[in-house]
Every structure is written in structure tokens, then in C-alpha cells.
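Below: one structure, written as C-alpha cells.
The values are calculated or read from the model by the stated rules, or taken from the named source; none is laboratory data. Values in this document were obtained by computation on a predicted structure and should not be read as measured data. Using ideal geometry, Cβ is built from the backbone for each residue, glycine included, and neighbour counts are taken over all protein chains shown. Side chains are part of the model used for accessible areas, which takes the heavy atoms of the whole protein and leaves out ligands, DNA and RNA. Shrake-Rupley method; radii C 1.70, N 1.55, O 1.52, S 1.80 Å.
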Amino acid sequence: MNKNIKLIIFDCDGVLIDSEIISATVLIEKLRELSVDIDMGYVQRHFLGYSFKSVTEKVFATFSVSLPEGFEAEYRAALLEQFRQELQPTQGIKALLSALKLKFCLATSSSRERTSEALRISGLAGFFTATVFTAEDVTRGKPAPDLFQYAAAKMGVAPSECLVIEDSRAGVAAAIAAGMQVIHYTGGRHISGAVSQVSDEFPQVPVLDSWAALVELLPEAE
């Protein structure tokens, strides 16, 4: 790995916050009301890391079901309620962010409103006061490189000097397309079959299963 890193770009869901099982469970339940029957494995393979707009398009393309007006708002309201009851930061992330010497920011496929609330609930909002970039900032979401390129430009760092930490195939693909180094984070509770999917497609990408191990991959981070 190139050690000339000046910026770490964190994904949010499944990386900073252990949210993916909660999100998937709520989505599965809401889609079942429309007779779209999927399971956790399906969400991992097809929806992980994608924006809600992309998920909507995938549901229509696969099941010929158009999500009704108000579906997204209902889903997000139900999700935030579950977040308030269950959401936690990933283990060790607060200690890492407190100790980081490198610049860092957040780039997520989620909406700005949901991201802000999730950071508040998980106790991470103070680490990202003006460094949050979301799918709403660009036209094309992951796996397109646009969001990571946008974040790097706003942070004033060249893509070649950025390290992205992602949990999803879409996010890893976006980072590579952006010309950035990337690590596949597998410390979230939702990771199972998704690990082999990413590793099979991107065997060159280092895997990180805990935040304590990041220092071994990037000693200058702390």
C-alpha cells in the first residue's frame, strides 16, 4: 500500500456505524408489504452500498414493482425509529477517530438527513462537523466514482493521496474508479457472504476486520 496518504474517506453505514442489519431488516419488512419477498443475503448481494434511488431502480427492474409515493418517507421514518433503539458505532471507531492524525471525512450513499441523525444517535457527530458528503451532492452514486472525487476535491486532496474505507462491493468499485486506494472493512455485524463477494472480485484490496488493525496497515495514521 502506498503510504503517501493525506486523507481517509470513511463510508458511513457498516463502517462508522453498525447499521446495515437494521437497515436491511426494515427494508425487507417494508418491501414484503408490496409482495416483494427478499432476505438478508439478497440485500447484501444487490443493495449494499447503493443509494435509495438505485435500490428503487433495482426493485423495479427485478420485480416489476414501482415503489409507491411515500414509500421512501415511511421507510426512513421506520428506520430512524429503529436506529434510536438499536444503533451503535462500530467497535473501536471512537477511539480511532480520536487518535487519527490524518485528515478524514465521510462519504455515504445515504441522505444527508439520515446521515446526520445516525451520527447523532451513535455519538459520532462531533467528529464530522463539516466533513460529511452524501449521495445528494452528486448526480451519480456509487459504484460511480463521483462522490469520492467530490469529497476529495472539497477536502483539497488529490485522489491518489486518498484512502477509502468501505464495506460494500459498490463502494470498493467506486473508490478504485476514483483512482484512490481502498480497504475493505469487514468488522460490521452484517458482513458474511458479502466478504467473499468483494474479495473474489477485488482480490488485491486489503481486508480490515477491526479498527485496531488499521495501524498495522497504515502506521502513520496514529
Run through the range 13-79 and list the GluC sites (Glu not before Pro) located in a DSSP loop whose Cβ has at most 15 other Cβ atoms within 10 Å. Glu33, Glu69
In the range 1-62 the accessible area split gives carbon plus sulfur, as whole percent at 1.4 Å, a share of 51 percent
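Using a 1.4 Å probe, what is the accessible area per residue for the chain, in Å²? Walk me through the intermediate numbers first.
Working: 9780 Å² over 222 residues.
Accessible surface, normalised per residue, equals 44 Å².
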Cα-based helix-to-principal-axis angle, 112-122 vs the chain, degrees rounded to 10: 70 degrees
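What's the longest uninterrupted piece of the chain once you rule out the trypsin sites (Lys or Arg not before Pro) that are loop residues per DSSP with at most 11 other Cβ within 10 Å? Walk me through the numbers on the way to the answer.
Working: sites that count: Lys3, Lys101.
With trypsin sites (Lys or Arg not before Pro) excluded where exposed in loops, the chain gives 102-222 as its longest stretch.
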Length gain on complete extension for the stretch Ala213 to Arg84, per 0.36 nm per residue less the alpha carbon to alpha carbon distance? 43.5 nm
Here the residues of the range 155-175 lying in the modelled label zone of Arg140, meaning backbone nitrogen under 14 Å from a point 7 Å along Cα-to-Cβ, are 173-175
Using Cα atoms only, what is the angle between the long axis of helix 71-86 and the major principal axis of the chain, expressed in degrees (0 to 90) to the nearest 10? 60 degrees
Of the candidates Leu48, Val65, Ala77, the farthest towards the positive dipole end of the range 46-97 (Lys/Arg Cβ +1, Asp/Glu Cβ -1, centred on the Cα centre) is Leu48
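Per-residue ellipticity at 222 nm for the chain, helices alone: DSSP H runs ≥ 4 residues times -39500 (n - 2.57), over residue total, nearest 500 deg cm²/dmol?
On the way: 10 runs with 98 residues, N = 222.
Calculated from helices alone, the mean residue ellipticity at 222 nm is -13000 deg cm²/dmol.
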With a sphere of radius 9 Å drawn around the Cβ of Leu147, what net charge do the other residues whose Cβ falls strictly inside it have (Lys, Arg +1; Asp, Glu -1)? 0
Where the centroid of each part is defined by its Cα atoms, how far is the range 75-100 from the range 1-65 in Å? 16 Å
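Using a 1.4 angstrom probe on heavy atoms only, work out the carbon and sulfur share of the accessible area of the range 87-135 in %. Before the final figure, lay out the partial values.
Values: 1070 of 2130 Å².
Using a 1.4 Å probe with all protein chains present, the range 87-135 comes out at 50 percent carbon and sulfur.
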Measure of size requested: the Rg and Dmax of the chain, with Cα atoms as the atom set and Å as the unit; please supply both. 16.6, 51
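Net charge near Leu7: determine it from the other residues with C-beta under 9 Å of the C-beta of Leu7, scoring Lys and Arg +1 and Asp and Glu -1.
Values: positive: Lys6, Lys103; negative: Glu161.
With Lys, Arg at +1 and Asp, Glu at -1, the neighbours total +1.
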Report, in debye and to the nearest 20, how large the dipole of the chain comes out about its Cα centre when Lys and Arg carry +1 and Asp and Glu carry -1 on their Cβ. 520 debye
